[in-house]
Amino acid sequence: MSKMFVKTGDTVQVLSGKSKGVQGEVIAVSPKENKVIVKNVNVVTKHVKPSKMGEQGGLVEVESALYASKVQLVCPKCKQPTRVGHKKGGIRVCKNKECGHEF
């Protein structure tokens, strides 16, 4: 289990795979599995059985998890994917290494 650099609500860009280059918002984070779920990225089709309560069965499209190493944070100021550093004095703050913006 490693420390997650992404939090729910962050905007990220996918670095590899079929959704390469797509930007989206992080919906969920799983630190134990080191995975994230990004809105409208890595969508898979699941087959759902009808339930006893009257819900219909069929095909449902759901976002699937990506490894956290396959995404990169997007700077809210310059809207570019960026490497993130942490401020060393006291409070930990994410800092864009290219433009210097803290977020």
Karplus 3J(HN,Hα) series, Hz, for the range 27-37 with 6.51 cos²θ - 1.76 cosθ + 1.60 (x for Gly, Pro): 8, 9, 10, 10, x, 5, 8, 6, 10, 10, 10
Within the chain: Cβ-based charge dipole about Cα centre, in debye rounded to nearest 20 (Lys, Arg +1; Asp, Glu -1): 420
Contour excess over end-to-end distance, with Cα ends at GLU33 and VAL84 and 0.36 nm allotted per residue: 16.2 nm
Computed E for LEU59/GLU98 - FRET, C-beta separation, R0 30 angstrom, nearest 0.05: 0.10
Entries of LYS20/LYS79; LYS32/LYS79; LYS35/LYS70 with Cα pairs more than 21 Å apart: LYS32/LYS79
Label point distance in nm, LYS7-GLU25, each placed 7 Å from Cα along Cα→Cβ: 1.6
GluC sites (Glu not before Pro) restricted to the range 1-84 and DSSP loop, no more than 15 other C-beta within 10 Å: GLU33, GLU55
Histogram of C-alpha separations across the chain, 10 Å bin width, %: 15, 38, 27, 12, 6, 2
Inter-probe distance in nm under a simple model that places probes 7 Å from Cα toward Cβ, at THR45 and LYS18: 1.0
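No lab work stands behind these numbers, since they all come straight from the coordinates. Computed from a predicted model, the values in this text were never measured in an experiment. As a convention, Cβ positions derive from the backbone with ideal geometry for all residues, glycine included, and neighbour counts pool all protein chains shown.
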